[in-house]
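J.: Let me give you the structure first, and then I'll get to my questions.
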Amino acid sequence: MVAVKNNDMDPERLIKRFMKKVKKSGILEEYLSRRYFVKPSTKKRLAKKKMRADYLKKKRKEGNT
């Protein structure tokens, strides 16, 4: 559960802090991923594809520095 304490702050700032905590905890991503059923084989394939993309991105970044 995500909670933000109110220490007499600006309401907009409280909303920003709350949204930051929600994103960090991964609640929204989990909700979106559970909206539709995805076959285990598809999950595995997409995870493998993401790992490869992340690896190539990291390798490109290392080459530029």
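FYI, it's all coordinate maths here, none of it is from the lab. Note that this is a predicted model, so its numbers are computed, not measured. Neighbour counts run over all protein chains shown; Cβ positions are idealised from the backbone, glycine included.
J.: Under 7 Å by Cβ, and 6 or more places apart or on different chains, what pairs join a residue from region 38-57 that is free of Cβ contacts under 8 Å to residues at least 40 places away in the same chain and basic (Lys, Arg) with one that is in a helix (DSSP H, G or I) and surrounded by 10 or more Cβ atoms within 10 Å (Cβ to Cβ)?
T.: Sorted first by the residue in region 38-57, then by its partner, the list stays empty.
J.: Tally up the residues in region 12-33 that are surrounded by 10 or more Cβ atoms within 10 Å (Cβ to Cβ) and either of a type in the set (A, V, I, L, M) or not in a helix (DSSP H, G or I) (or both), please.
T.: Selection size over region 12-33: 7.
Here's the yes/no breakdown for (1) in a loop (DSSP other than H, G, I, E, B); (2) surrounded by fewer than 10 Cβ atoms within 10 Å (Cβ to Cβ):
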site: Arg35; (1), (2): yes, yes
site: Leu46; (1), (2): no, no
site: Lys57; (1), (2): no, no
site: Glu62; (1), (2): no, yes
